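Computed from the coordinates by the stated procedures, all read-outs in this text should not be read as laboratory data. Keep in mind that what you see is a predicted model, and the values were worked out from it rather than measured. Every residue, glycine as well, gets a Cβ built from its backbone with ideal geometry; the counts of neighbours run over all protein chains shown.
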Amino acid sequence: MEKKVLAFSEFGLSDEVLKAISSIGFEEPTPIQEKTIPLLLQGKDIIGQALTGTGKTAAFGIPIIEHTDRTKHGVQAIILTPTRELAIQVAEEMNKLGSFKRILAIPIYGGTSIERQIKALKKGMHVVVGTPGRVIDHIERGTLRLRDVKTVVLDEADEMLDMGFIDDITTILKETPVERQTLLFSATMPEKILKIAKRYMRSPEKVRISTDALTVPETNQIFYEVRHDRKMDALCRLIDAEDSDLFLVFCHTKREVDGVASNLKLRGYDAEAIHGDYSQAQRDAVMKKFRESRIDVLVATDVAARGLDISNISHVVNYSIPQNPESYVHRIGRTGRAGRKGVAITFVTPYEDKQLRLIQAVAKTRIKKEKLPTIEQALESRVEALKEKVREFIAGKRFGIFLNMAERLSIAGIEPIDLAAALLKFHLEGLGREPERQEGLSLDDTGAVPGMVRLFITVGKEQNVRAGDIVKAIAEKTNIRGKDIGRINIFDKFTFVEVPRNEAEKVIEVMHQSIISGRKVAVEPAKPRK
Ligand code: ADP
Ligand code: MG
């Protein structure tokens, strides 16, 4: 039995925060979020313990954003993290969560120019995410004041202690008001952490999520390295090549579900979509089709799929890599057919390596890397499958009126072997050639100046986007410097920007579905100018 999980909308959060959560693509809270968000909204201190990858950032991030007042000056929350990477990552998530409330978060860390950070701090930041050393540096220079702080978070507290930050943490805590909310998150809870908690927290509640429940089902787990814009072709190839009952394909967002399902239909597959926006009647219709075996592929979001009573799923495909290990385990748990092991397939883009490793580590499982079947292999296995079916059918001799048709064709002088070949061609047509690329997504023909690639981004003047916002968004998320970014043309509803050819794929990868000026954008290679 699955227990009913609270929905984000049941926490009493503001619309802006709910919108941000849904635009990031979170469908429902993870266990640590479900337990901590209500406590934090009440202003309680908590000690949270849960493994990596279980969504601790949003667990404290959502209440912090909810409590932050955009119009107030002064830093209202400070989050301390052990490393620079983590500071950047957490600040990014805070900015996403705060995008609709227009709350600003900044990462501050050592090993990089302090001047830029000072300038940003002067502009007025609501939330600071920093490594202890650099935070103290700013405090000493007077460029960071913590008097107005309402919430302090010690993220990955065990690691911070291991790295010897204990004195720094104490110093920083003393700079903040006594009347503050203090949160501590840690994967482990050694004695020295509990000591800090005792000294600096007000009767904290302990929230502990054990992950013993993560049992990976008996499944053949595979991943393919696939670039974002090649996923559709890869999926089709697999559906063609594999001997399957039903493919259950998981996507990140409702929009992606709709996109993938309609693309599959266009290519001639019996595909259906299902997600939270579907009415009960629509769901019933999909289920009916499914029971009548009129669907080969069902495309779904995590939550929509959970409610479905479907048994003979031969393949689960993570079209988008799951956002956390729990979701991975739930998803692949859906495969299984009588007597045979199911197959769980994950598409991993070149920049999702880390996420893949995290899933394997937390779920304590191994996912094998494999190569996509070639077109020839796909055809070959279809013919094999067909051979079996045809044999069985001939043995049963239930031809009906079709026998008569065949005789007529044969009398008309068509050789049986030619007839069979022609029918095979009709049946398998489309397999032997590369499916057409979607919307001309070539990097080599985008109408950019030589050495550059022109990208199409779905925000423009109507969203008040300025060239600076585009440059900033790219520079923050990639290693490209502002001066290496080429021409930017902003139109009412979209924007073109040129980036260096050798970085273009990476830019698309990280910018696609990211948030610019509070809006989730699609990024793809531009089509050449007419
Ligand atoms: P932790 O701090 O516990 O290691 P993170 O906060 O970094 O974990 O989250 C791990 C991943 O899970 C991130 O990619 C994050 O975007 C994703 N995630 C967090 N909350 C949810 C949610 N409610 N639904 C889906 N994915 C989530
Ligand atoms: Mg974390």
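If the chain linking LYS265 and ARG357 were pulled fully straight, counting 0.36 nm for each residue of separation and taking away their Cα-Cα distance, it would gain 29.8 nm. Could you work out how far helix 132-141 tilts from the main Cα principal axis of the chain, as a 0 to 90 degree angle to the nearest 10? Taking Cα atoms only, the helix is inclined about 40 degrees. Applying D = kT/(6 pi eta Rh) to the stretch 8-208, where Rh is the Kirkwood radius over alpha-carbon pairs, T corresponds to 25 °C and eta to 0.890 mPa s, the Stokes-Einstein value obtained is 147 µm²/s. Zone of ILE394 (label point 7 Å along Cα→Cβ, backbone N under 15 Å): which residues in the stretch 401-419? Answer for the stretch 401-419: 403, 416-419. Given SER314, TYR269, CYS251, which one lies farthest toward the positive end of the charge dipole of the stretch 220-369, if we put +1 on the Cβ of every Lys and Arg and -1 on the Cβ of every Asp and Glu? In the stretch 220-369, that residue is SER314.
For the peptides 12-23, 146-157, the ranking by packing is 146-157, 12-23, with the highest mean count of neighbouring Cβ atoms within 10 Å listed first. Roughly how tilted is helix 31-41, in degrees to the nearest 10 and between 0 and 90, from the longest Cα axis of the chain? Value to nearest ten degrees: 40.
Between the Cα long axis of helix 56-67 and the first principal axis of the chain there is an angle of about 60°, rounded to the nearest 10.
With each label modelled as a point 7 angstrom along the Cα→C-beta vector, the LEU6-LEU194 pair spans 2.7 nm. Only beta bridges with both residues in the chain are counted; by DSSP, about 25 percent of them are antiparallel. Within the straight-line cut-off of under 21 Å between alpha carbons, the lysines reachable from LYS483 are LYS119, LYS472, LYS506, sequence neighbours fewer than 8 places apart in one chain being disregarded. Peptides 127-134, 40-47, 87-94 ranked from most to least packed by the mean count of surrounding Cβ atoms within 10 Å: 127-134, 87-94, 40-47.
Could you quote the convex hull projected area for the chain, Cα atoms only and averaged over all directions, in nm²? The partial results should precede the final answer.
Details: hull surface 119.1 nm².
Mean orientational projected area (the chain, Cα hull): 29.8 nm².
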